1. Residue 98 label point, 7 Å along Cα→Cβ, cut-off 16 Å on backbone N: hits in region 14-39?
2. If I compute solvent accessible area with a 1.4 Å probe over the protein chains, what percent of it on region 53-156 is carbon and sulfur?
3. Going by average Cβ neighbours within 10 Å, how do the peptides 133-145, 103-115 rank, with the highest at the top?
4. If you scale each eigenvalue of the Cα gyration tensor by 5 and take the root, what three semi-axes come out for region 33-92, rounded to whole angstrom and sorted largest first?
5. What are the residues whose amide H is under 5 Å from the amide H of residue 127, where those residues sit 5 or more places off or on another chain and H is modelled from the backbone?
6. Place a +1 charge on the Cβ of each Lys and Arg in region 51-141 and a -1 charge on the Cβ of each Asp and Glu, then give the dipole magnitude about the Cα centre in debye, rounded to the nearest 20.
7. Of the peptides 74-84, 55-65, how do they stack up when ordered by the mean number of other Cβ atoms within 10 Å, highest first?
8. Considering the options 104, 65, 91, tell which one lies farthest towards the positive end of the dipole of the chain, charges being +1 on Lys and Arg and -1 on Asp and Glu at the Cβ, about the Cα centre.
Amino acid sequence: MTAISSVTIRRARRDDVGFIVRMLADDPLGSARERIEDPLPPSYYRAFEALERDPNIQLVVAEDGDGAVIGCLQLCILPGLSSQGASRGLIEDVRVAAHCRSRGVGEHLVQWAVTNARAGGCKLVELLTHNSRVDAQRFYKRLGFQPSHVGMTLRF
């Protein structure tokens, strides 16, 4: 597949929430977690509003040359005391629309996040991906990320 030549990254807007949720739901893990309904459950909009209010979180979308939303990610800047008071960037919820995968959109999004984390004073960038997402793990390794932690989850 050929790369998508024109990708613009911009802050997500309320009217993007439906596109973002559909991308989050478009895999075996997400399809079990997300609720695609019309209208969407209000919890998604409450979460979006909370993200908008937090100055340390940027929810962004990727648009193609026609202005269609084709990807998203969330960048969190986490201040901390460890590593001599270093802030870290945390990349979450990277998704690319199915018809645009393997065309450079995910790489563009992640590079945007790394650049913005560095500009925000972060000394490192971390991300999480589920053990079952081996293609995603290969993708992140290709971009220079190295396995470094054992992640654990406690669900409520």
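1. So the set is 19-37.
2. 51 percent
3. Going from most to least packed, we get 103-115, 133-145.
4. They are 28, 17, 10 Å, listed largest first.
5. When sequence neighbours closer than 5 places are left aside, the close amide H contacts are 91.
6. 380 debye
7. 55-65, 74-84
8. Among 104, 65, 91, the one farthest towards the positive end of the dipole of the chain is 91.
The values are calculated or read from the model by the stated rules, or taken from the named source; none is laboratory data. On a predicted model such as this, the values are computed, not experimentally measured, just so you know. Neighbour counts run over all protein chains shown; Cβ positions are idealised from the backbone, glycine included. These accessible areas exclude ligands, DNA and RNA; they are computed on the full protein's heavy atoms, side chains included. Shrake-Rupley method; radii C 1.70, N 1.55, O 1.52, S 1.80 Å.
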